[in-house]
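Reviewing the structure listed below.
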Amino acid sequence: MKNIFKTGILALLSVLLMTSCDPQENNEYGLGTTPTETDLSFTATPSSSKANIIVLKNTSSVSGVATWNLGNGATAKGESVEAQYPFAGTYTVSLTLYTTGGSATVTKQIIIAEDDMSLLDTPMYNALTGGAANLAGKTWVFDEYHDGHFGVGPVLNDDGSVSTSPSWWSCPASGKEGASLYKQEFTFIQVGVKMIWKNNGYIYTNANGKNALGINDYIENPGGVGDFDVAYTPQAEYTFALDENEKTLTLSNDAFFGHYAGTSTYKIESLTDDALYLSCASKVESGNKWWYRFIPKEKNVKPVVPVKAVALAENFEKEKLSVDFKREEMGTLQHIYANPAPVPVNESKLVYLYQKTSAFYSNISYTVTGYKFDLTQMNKVRMKVYIPSYNNYEDVFATAGDWVTINKLQSQVAVKLQNSNLGTTSYTTQTEIVKANLQKDRWLELEFDFSSVKDRKDYDKIVIQFGGEGHAAPGIFFFDDFSFNK
């Protein structure tokens, strides 16, 4: 049975690169001479420290760049390399030598007499599997309740550097709730380097992945979840290769981590006892790179977020604000400003200046920490607003797209309640109230009544937006005496 695991296994193999070079870097190489198998040779010598660590040395009669297939799922490059073989068996090692005239390959069989499980006793391997003593292995699942557990970005940034984060889109906590992504379980077992994949019969992917799989049995997910659950039954068991030198994790037999991107090899961005963070370059979407964060199954517990009725109020008269709004695509003008019309119904000295820029989606927002709104108790947003007539409400401006039907600045204000856990997609479940065609050049008292959604328990964010959205028309607005209460 031991030989069952000798291929695909670990490139736990710490492949130590001793020397390497490109043919063009050494002018001693023969030009135009094609090497043959008879020109090539190498030695395979057990290291002085462990019999299962083999030192491979190129002894060919011609010069070139030596690359190796170590016969255990790993590759290497260099004149002399070390390969680790934790399990007994016969391994076929090949040396390929590249010269300016071509290449040739020679192979040799290496016999490993006994297992040496100490080679698996490494920090990364133990973190992934729970160690050799953990015969049941360690089960990982998507870190569902952690923002950023799934995301996409470019393989290369605009400046040519390797992308290190999902800059295009990052999934908020529970952002794929209801899809098969959170049904995926991966158990890694150190003894035998086995991986057991359970998925309840489906995997998650987008249209490109679905088409590449060529499986017609699928479910299209609704709304904010999106993409597809595709029917897919894993094998009963897989093996895996963990290359600690290159920090890669490869699954055997075309297995993948529940989201199909056409590859079985993943870059280990980080690995601890509590988290496994991976990335991979998609083979079905050129230029796309995906990120995945996993957590031990027993630690994937939904946090308890209390629902509270906490009144909010701000009159902008004090230096330290109790409701300090976050500004998105706002201008550089001072936001705490002298009252432009200190007359009834608002004679206060200071107010909030809202500067809508030429950005399509200017707004301000306030998100509470540690709880969600109890809308059964607190469901009214009130404020005083001032709409100046000197803004340009007549000219037409650019819009974010054909779906935007309004291309002029509006004398209006909108208040939205959102779930901040949804991040950039929080608008998909929001509730919005708009007060439109407001009278200009006077203070108005407005109330936004959200009692119609009093049973919602997911909102924790208040968004205020003047002038409309989706267009580039700039404008100045004022508001004061903001409150959120009964």
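Please treat every number below as a calculation from the coordinates, not as lab data. From a predicted model like this one, the values you see are computed outputs, not experimental measurements. Reconstructed Cβ throughout: ideal geometry from the backbone, glycine too, with neighbour counts over all protein chains shown.
Go through 100-107, 408-415 and give me the packing order, highest mean Cβ count within 10 Å leading.
Descending mean neighbour count gives 408-415, 100-107.
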Go ahead and run the numbers for FRET between Glu114 and Val396, Cβ-Cβ distance against an R0 of 60 Å, rounding to 0.05.
-> 0.15
Which aspartates and glutamates have a Cα lying under 16 Å from the Cα of Lys297, excluding residues fewer than 8 positions away in the same chain?
-> Asp143, Glu144, Glu185, Asp273, Asp274
Provide Arg456, Arg327 in ascending order of the number of other Cβ atoms located within 10 Å of each residue's Cβ, fewest first.
-> Arg327, Arg456
So for Met117, Met383, fewest C-beta neighbours within 10 Å to most, what's the order?
-> Met117, Met383
Which net charge results for the neighbourhood of Ser362, defined as the other residues with beta-carbon distances under 9 angstrom from its beta-carbon, given Lys and Arg at +1 and Asp and Glu at -1?
-> -1
Length-normalised contact order for the chain - Cα pairs under 8 Å, 6+ apart - percent | 12 percent
Burial ordering of Ser60, Ser167, fewest other beta-carbon atoms within 10 Å first | Ser167, Ser60
Cβ-Cβ FRET estimate between Thr265 and Ser47, R0 fixed at 35 Å, reported to 0.05 | 0.80
Tell me what the chain gives for mean residue ellipticity at 222 nm when only DSSP H runs of n ≥ 4 count, each as -39,500 (n - 2.57), the sum divided by the residue total, rounded to 500 deg cm²/dmol.
-> -500 deg cm²/dmol
Magnitude of the charge dipole, the chain, Cβ model with Lys/Arg +1 and Asp/Glu -1, debye to 20 | 1080 debye
For a quick protection proxy, order the peptides 224-232, 461-469 by their average other-Cβ count within 10 Å, most packed first.
-> 461-469, 224-232
So, with +1 on the Cβ of K and R and -1 on the Cβ of D and E, and no other charges, what is the size of the charge dipole of region 307-485 about its Cα centre, to the nearest 20 debye?
-> 300 debye
Cα centroid distance between region 344-400 and region 239-311, in Å?
-> 40 Å
